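Step one of this worksheet: look at the structure below.
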Amino acid sequence: MAQEKVTNQYDESSIQVLEGLEAVRKRPGMYIGSTSVRGLHHLVYEIVDNSIDEALAGYCDTITVRILPDNIIEVEDNGRGIPVGIHPKMGIPTVEVVFTILHAGGKFGGGGYKVSGGLHGVGASVVNALSQWLEVEVHDGKKIHAQRYERGHSCGPLQVVGDTDHTGTKVRFLADDQIFETLEYEYEVLLKRLREQAFLNAGLRIVFEDLRDEEKVRSKNLCYEGGIREFVTYLNKSKEPIHEEVIYVSGMKGTSMAEIAMQYTTKYDETLISFANDINTTEGGTHETGFKAAMTNVINNYARKHNYLKEKDSNLSSEDVREGLTVIISVKVEEAQFEGQTKTKLGNSEVRGLVSSIITEKLTEFFEENPKIAKTIIGKAVSASQAREAARKARESARKSALSTSLSLPGKLADCQSKDTKYTEIYIVEGDSAGGSAKDGRDRRFQAILSLWGKMLNVEKSRLDKVYNNDKLQPVIAALGTNIGADFDLEKLRYGKVIIMADADVDGAHIRTLLLTFFFRFMRPLIEGGYVYTAVPPLYKLVKGKETRYAYSDEERDKISAELRGEDGKGKVEISRNKGLGEMDAKELWATTMDPETRTLKQFTLGDAIAADQTFSVLMGEKVEPRKAFIEENAKYVMNLDV
Ligand code: 1YM
């Protein structure tokens, strides 16, 4: 019905464009990427983008985004309000054109930086087409003009519905359940994107409210006067910067502009996030390549000029100069070209030169004015370069020694006879006495034992080169045969199961955390593939006369104890706590912990490994406060472990 009414209003040429909105419903993926929860969130971004355009044009300073009950979205801004006058070509109010006609963009109003791949207000009609209903309200300073649409078609003419004393636009919509797999918005996902937009538009206030559950109302007031500088501070809040001030440089050329904010931390990885017209360019592009090339040049030139690099030294690499760097690059270009698989790669070639010249001029200037900061940064890059060189050497010597293959298997490895990974397993055992019992008690046909000794390695503080040379982890790498990091090869794994066997006390927990963290960071496919297990030794030993039984929990202990006493409840059952693996003899260890027929194994998941990794970071990292908090919080747990 609604459709008939609408089509009657238009002339021939506009009927053709009307079919455009049907095309959006037929192939939604082409317009918003997908109909999954991702596409659903995209609807919100499209409407918010129009408000942000208005902010960029300088007419709007506050945007409110609300998730209302039943997943209705409301976006409101205090801009000029979408024009309500009759559109000269279409003969209907411009606001109605904006919402009901799929236009190419750029035709309505000019100037400013175009977002969403260069289309102005074009998202509004797409959102409308993909909504069960949408209502728009325009405040023009005097009157409120309102119109409602259902699945893209207006339900009636634009009407004045009241008076107002301000200007702005309010849009409310319910996504179409005929189109989307789910209508449930994720608060955190929307928050992340809105926060990003607030950082990118310094001073713009974005209020975000989740009003779906009246008992769990969430709201955020996002406004950052410092813009992308504050973005860097925000990203570094749990890291340790090596210089206090966030470095900020910006510049313009023609109608394009670029700004860059950055700060180095003690971390080893790099966080580089780039935007073009407020769109996160995850596939990179010319702004990123310009930045990287110029950074490398500037830092090498400065290092040579001030003698941090001697003539004989080779240049610092592109990776070296960005180790531990957190950087935001934001560019605004009038005709942005988005390329790549997901249209998130910036193609404009002039931007490479713009970013590169800003870094070359302004960063050099900054270094000359702040020699202390320059020295710190170059020191970091030089040590990155040395670590890279050391890692390369260690890798090479590891490769060479791997040539003498199984000869280089560690001395503490008691290998098994079978080579068939369908059956083989390796027990990694902490401590020599437990290792001895395990070696004697095992089924040598398919069970290998590796005893670990030597100092504990602080993985958090180590780079790859230290891992290669560490006397505790080296035997593990050699025994498993897979190598590590970029050289990891699952095909070369020598056992079908990797079983960590350690005591149920603090030391045992420590070695488990260490190994799991190590696997997580350097042999992740091992955990992802479900190859890593922990053996579960018994907690109690129960003896009555000649009969010995083992219990793995308190409940089991009580049950077995009752069984042993028998019906008459007579006879003394001796119950002892298992002190440790080292105190079991070979037979006991086999019967309780190693016999595939009776033992319990717990398979480690990626979740366990991530938790271990975090525990490790906290326990071994450089920050004292979180470590203290962690230990206090877990004191009870640690004591329980320490049986
Ligand atoms: C909650 C969504 O869409 N705000 C918004 C949109 C527009 C304007 C202001 C606007 C733009 C211009 C002139 C111009 C749009 N207008 C158009 C079109 N908020 C929201 N606020 N006057 C007002 O660009 O010249 C498209 S979007 F085409 F009608 F001008």
Per the filter on region 520-563, residues touching a Gly at 6+ places or on another chain (Cβ under 7 Å) and either in a helix (DSSP H, G or I) or not basic (K, R) (or both) are F522
The conditions are (1) free of Cβ contacts under 8 Å to residues at least 12 places away in the same chain; (2) under 25 Å from the mean Cα position of the chain (by Cα); (3) under 28 Å from G379 (Cβ atoms), and T266 fails exactly one of them. Which is it? (1)
Only strands (runs of 3 or more DSSP E) wholly contained in region 181-300 count here; list those with 3 or more residues that are open to solvent by 20 Å² or more (accessible area, probe 1.4 Å) and either closer than 30 Å to Y59 by Cβ or not basic (K, R) (or both). 205-210, 218-222, 247-253, 271-276
Which listed residue is over 37 Å from the mean Cα position of the chain (by Cα), more than 16 Å from the ligand (Cβ to nearest atom) and at pLDDT 95 or above, from Q159, Q132: Q159
Just checking, does region 86-93 include any residue being farther than 17 Å from S131 by Cα and buried (at least 20 other Cβ atoms within 10 Å of the Cβ)? yes
K114, sole failed condition from (1) more than 8 Å from the ligand (Cβ to nearest atom); (2) modelled with pLDDT of 90 or more; (3) within 35 Å of the chain's Cα centre (by Cα): (2)
Could you grab the pairs with beta carbons closer than 6 Å, sequence gap of 6+ or different chains, first residue in region 86-109 and outside any helix (DSSP H, G or I) and aliphatic (A, V, I, L, M), second one modelled with pLDDT of 65 or more and near the ligand (Cβ under 8 Å from one of its atoms)? M90/V97
Residues of region 66-85 being part of a strand (DSSP E or B) and near the ligand (Cβ under 9 Å from one of its atoms), in sequence order, are E74, V75, E76, D77
Pull out all pairs, ordered by first then second residue, where Cβ-Cβ is under 7 Å, the residues are six or more apart or on different chains, the first lies in region 298-326 and is within 20 Å of S357 (Cβ to Cβ), and the second is basic (K, R). S318/K292
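The values are calculated or read from the model by the stated rules, or taken from the named source; none is laboratory data. Here the structure is a predicted model, which means the values were calculated and not measured. Heads up, the Cβs are rebuilt from the backbone with ideal geometry, glycines too, and the neighbour counts pull from every protein chain shown. Please note that ligands, DNA and RNA were not included when accessible areas were found on the heavy atoms of the full protein model with its side chains. Shrake-Rupley method; radii C 1.70, N 1.55, O 1.52, S 1.80 Å.
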